[in-house]
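Participant: Take a look at this one; I'll ask things after.
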């Protein structure tokens, strides 16, 4: 997505991607880190560029995955390099809505995945947070 701006810097011998999230400098983390051929993408909520959230978990899932894709690509990977996703949702009864979006993105890639219900995410409007790991071949 053109409204997702990822910057990459070398830090401590590895490449670190930043999405400009307000939480990154506060918590001292990167959106994604590449070390060798491995990329780890931190938990990404489906926040829009203007700071708003869609009201449904399906749209937030799509946005989270778009942010993940942008981070992986900024570090030289591709979506097909993703080998695992972890999804944290505040209402697991909506798992099918999440699964449809995840499936549309990863239908041919088929990474290992987990979906877990949690009581709350870092932002009260966030309905889902997704992590991803990739190995660039």
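Read-outs: derived from the displayed coordinates by stated rules, not from any lab. On a predicted model such as this, the values are computed, not experimentally measured, just so you know. Cβ: placed from backbone, ideal geometry, glycine included. Neighbour counts: every protein chain shown.
Participant: Could you go through segment 74-84 and let me know if any residue there is under 20 Å from residue 106 (Cα atoms), free of Cβ contacts under 8 Å to residues at least 40 places away in the same chain and in a helix (DSSP H, G or I).
Facilitator: yes
Participant: Can you work out which of the residues in segment 76-88 that are out of contact with any helix residue (DSSP H, G or I) (no Cβ under 8 Å at 6 or more places or on another chain) and surrounded by fewer than 23 Cβ atoms within 10 Å (Cβ to Cβ) is nearest to residue 32 (Cα to Cα)?
Facilitator: The qualifying residue nearest to residue 32 (Cα to Cα) is 76.
Participant: Separate question: Which residues, counting only those in segment 46-62, are buried (at least 21 other Cβ atoms within 10 Å of the Cβ) and out of contact with any helix residue (DSSP H, G or I) (no Cβ under 8 Å at 6 or more places or on another chain)?
Facilitator: 60 - this is the single residue of segment 46-62 that is buried (at least 21 other Cβ atoms within 10 Å of the Cβ) and out of contact with any helix residue (DSSP H, G or I) (no Cβ under 8 Å at 6 or more places or on another chain).
Participant: If you don't mind, another one. Would you confirm, using the coordinates I've provided, whether residue 43 is part of a strand (DSSP E or B) and either loosely packed, with under 15 Cβ neighbours inside 10 Å or touching a strand residue (DSSP E or B) at 6+ places or on another chain (Cβ under 8 Å) (or both)?
Facilitator: Yes, satisfied.
Participant: Related question: Just name the residue that is nearest to the chain's Cα centre (by Cα) out of those in segment 86-124 that are within 18 Å of residue 135 (Cβ to Cβ) and not in a helix (DSSP H, G or I).
Facilitator: This residue is 86.
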